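I'd like to ask you about the structure that follows.
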Amino acid sequence: MKAFFHISLLLGLLCLAAGCRQDRYIVASGYAQGGVYAVKMNLKGVKERPDVIRARIDSLLVEIDNTLSGYNKASQLSRLNRGEEVHPNAMFRDIYARSRRIWEETDGAVDVAAAPLFDAWGFGFTRDSFPDDDAVRALLATCGMKRLKAELPEDGSLTDDPSLPLPKLNFNAIAQGYSCDVIARYLYSIGVKDMLVDIGEIYCDGVNPEGKPWRLGVDRPEDGNNTPGASLQGIWTSDGGPHGVVTSGNYRKFYVRDGRKFAHTIDPRTGYPVSHNLLSATIVAPDATTADAYATDCMVIGLDAARELIESRPDLEGYLIFDQDGQMSTWHSSGFQLEK
């Protein structure tokens, strides 16, 4: 969904059969959500057959697409945005509840009910771009989680006043992180302990096939660096525990008009693309949904507020890359395990 997916994997050769510490690592990979995915897992002690596991991962990704994708015109999200009667499934209601909590926690900086703003600036599900001030004000009047129910009922009614136009939803800010968590929950349920789930965003736990903590490269956030792993700014090393790891940045999805760069990060509180010196934010959290949400939040609120946020949350670690007088500079929290 997002187009700036940023984190590259630094892996040695995988042991695909018994041998490495008597582990049984396999890889399930394919295409999903506009890109490729790769799930690396250790099947030591797992009774489920690899082909069954791969099929289940694919079926979960299809379910996610049919539920949450704004590009799939038959998905529950697309149908709801068109005003059709929809009875949301458990997955839709779950991500809606998570989105509501994130909106509250971020004081509106991450708002999934602001889809028309992203469409208007050309970063949503349409190709529009560069609205004037009057158009932005008109769109703001129709957007926002504040206009929707706190809890989504099974009948799909988003508001108690059906006479009002409904805000359209866009889950891009957390959907790929959420997808990682869905796959990870399934792997845990069948007994997998060592895993790395890469669906544009990352969830990892345990160790890699060499018996060492997972290592992830953070791309250098410079315009033109469109190949993940081609130019790295730093490397994060896991402590072996469960972590979601997500980077958000404005260096891969933007356009320039009249000499001014318009980034894909839209502040849903103002209706305009952000303009500050924070180039990318990498967040480590207990799950990928949280990491995804707060990486986006950091890119909305900017460097100083992002640093303050990370330092105030014991469940978050962060690595911020920013422009300082034309030079790329970095900051990381004390618990962010940046490889020297």
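The values are calculated or read from the model by the stated rules, or taken from the named source; none is laboratory data. Small disclaimer: the values here were computed from a predicted structure and weren't measured. Note that each Cβ is placed from the backbone with ideal geometry, even for glycine, and that neighbours are counted across all protein chains shown.
Any idea which residue in the stretch 36-63 is surrounded by the most Cβ atoms within 10 Å (Cβ to Cβ), counting only those that are in a loop (DSSP other than H, G, I, E, B) and out of contact with any strand residue (DSSP E or B) (no Cβ under 9 Å at 6 or more places or on another chain)?
The selected residue is 46.
Go through the stretch 48-94 residue by residue and tally those that are without any contact (Cβ under 8 Å) to a residue 12 or more places away in the chain, more than 20 Å from the chain's Cα centre (by Cα) and farther than 25 Å from residue 191 by Cα.
Total meeting the criteria: 5.
Anything in the stretch 271-289 that is buried (at least 24 other Cβ atoms within 10 Å of the Cβ) and not in a strand (DSSP E or B)? List them, or say none.
Answer for the stretch 271-289, where residues must be buried (at least 24 other Cβ atoms within 10 Å of the Cβ) and not in a strand (DSSP E or B): 288, 289.
Within the bounds of the stretch 120-138, is there any residue that is crowded, with 22+ Cβ neighbours inside 10 Å, touching a Ser or Thr at 6+ places or on another chain (Cβ under 7 Å) and in contact (Cβ under 8 Å) with a residue 24 or more places away in the chain?
Within the stretch 120-138 (the criterion being crowded, with 22+ Cβ neighbours inside 10 Å, touching a Ser or Thr at 6+ places or on another chain (Cβ under 7 Å) and in contact (Cβ under 8 Å) with a residue 24 or more places away in the chain), the answer is yes, since at least one residue qualifies.
For the stretch 193-218, enumerate the residues that are on the phi > 0 side of the Ramachandran plot and either surrounded by fewer than 24 Cβ atoms within 10 Å (Cβ to Cβ) or without any contact (Cβ under 8 Å) to a residue 24 or more places away in the chain (or both).
Of everything in the stretch 193-218, those that are on the phi > 0 side of the Ramachandran plot and either surrounded by fewer than 24 Cβ atoms within 10 Å (Cβ to Cβ) or without any contact (Cβ under 8 Å) to a residue 24 or more places away in the chain (or both) turn out to be 206, 211.
With the structure loaded, tell me whether residue 142 is without any contact (Cβ under 8 Å) to a residue 40 or more places away in the chain and either over 19 Å from residue 33 (Cβ atoms) or crowded, with 20+ Cβ neighbours inside 10 Å (or both) or whether it fails that test.
Judged against the criteria, residue 142 is a match.
Taking the stretch 290-331 on its own, how many of its residues are in contact with an Asp or Glu (Cβ under 9 Å, 6 or more places away or on another chain) and outside any helix (DSSP H, G or I)?
Residues that pass the stated criteria total 3.
A further question follows. Can you tell me which residue within the stretch 10-35, out of those that are exposed (fewer than 13 other Cβ atoms within 10 Å of the Cβ) and of a type outside the set (Gly, Ala, Ser), is modelled with the highest pLDDT?
31
I need the strands (runs of 3 or more DSSP E) fully contained in the stretch 191-234, keeping only those with at least 2 residues that are at pLDDT 90 or above, touching a strand residue (DSSP E or B) at 6+ places or on another chain (Cβ under 8 Å) and under 24 Å from residue 324 (Cβ atoms).
So the answer is 215-219.
Out of (1) polar (S, T, N, Q); (2) outside any helix (DSSP H, G or I); (3) touching a residue at least 24 places away in the same chain (Cβ under 8 Å), what's the single condition that is false for residue 334?
Every condition holds for residue 334 apart from (3).
Quick check, is residue 100 more than 19 Å from residue 179 (Cα to Cα), basic (Lys, Arg) and not in a loop (DSSP other than H, G, I, E, B)?
no
If you check every pair at least six apart or on different chains, which have Cβ atoms under 7 Å apart with a residue in the stretch 95-112 that is touching a residue at least 40 places away in the same chain (Cβ under 8 Å) first and a residue that is of a type in the set (S, T, N, Q) and buried (at least 24 other Cβ atoms within 10 Å of the Cβ) second?
If the second residue must be of a type in the set (S, T, N, Q) and buried (at least 24 other Cβ atoms within 10 Å of the Cβ), the pairs left are 98/289; 110/296; 112/99; 112/170.
Within the stretch 303-329, how many residues are surrounded by 16 or more Cβ atoms within 10 Å (Cβ to Cβ) and touching a residue at least 24 places away in the same chain (Cβ under 8 Å)?
The first filter runs over the stretch 303-329 and keeps only residues surrounded by 16 or more Cβ atoms within 10 Å (Cβ to Cβ), leaving 303, 306-307, 309-310, 313, 316-322.
Next cut, touching a residue at least 24 places away in the same chain (Cβ under 8 Å) only: 303, 306-307, 310, 316-322.
Summing the residues that are surrounded by 16 or more Cβ atoms within 10 Å (Cβ to Cβ) and touching a residue at least 24 places away in the same chain (Cβ under 8 Å) in the stretch 303-329 gives 11.
Just the residues that are of a type outside the set (Phe, Trp, Tyr) and crowded, with 19+ Cβ neighbours inside 10 Å, please, taken from the stretch 101-118.
Listed by number, the residues that qualify are 102, 106, 109, 110, 111, 112, 113, 114, 115, 116, 117.
Also: Could you check the stretch 152-189 and list, in sequence order, the residues that are over 25 Å from residue 244 (Cα atoms) and modelled with pLDDT of 90 or more? Break it down into steps so the answer makes sense when it comes.
First pass over the stretch 152-189, keeping only residues over 25 Å from residue 244 (Cα atoms): 152-168.
Within the stretch 152-189, 168 is the sole residue that qualifies.
Related question: Please go through the stretch 181-215 and pick out each residue that is of a type in the set (Ser, Thr, Tyr) and closer than 16 Å to residue 54 by Cβ. Let's see the steps before the verdict.
To start, the set of residues in the stretch 181-215 that are of a type in the set (Ser, Thr, Tyr) comprises 186, 188-189, 203.
Within the stretch 181-215, 186, 189 meet the criteria.
Restricting the stretch 64-91 to residues that are among the hydrophobic types (A, V, I, L, M, F, W, C) and in a loop (DSSP other than H, G, I, E, B), which is modelled with the lowest pLDDT? Write out each step before concluding.
Narrowing the stretch 64-91 to residues among the hydrophobic types (A, V, I, L, M, F, W, C): 64, 68, 74, 77, 80, 86, 90-91.
Right, trim to in a loop (DSSP other than H, G, I, E, B) and you get 74, 86.
On the way: 74: 96, 86: 92.
Restricting to residues being among the hydrophobic types (A, V, I, L, M, F, W, C) and in a loop (DSSP other than H, G, I, E, B), the top hit is 86.
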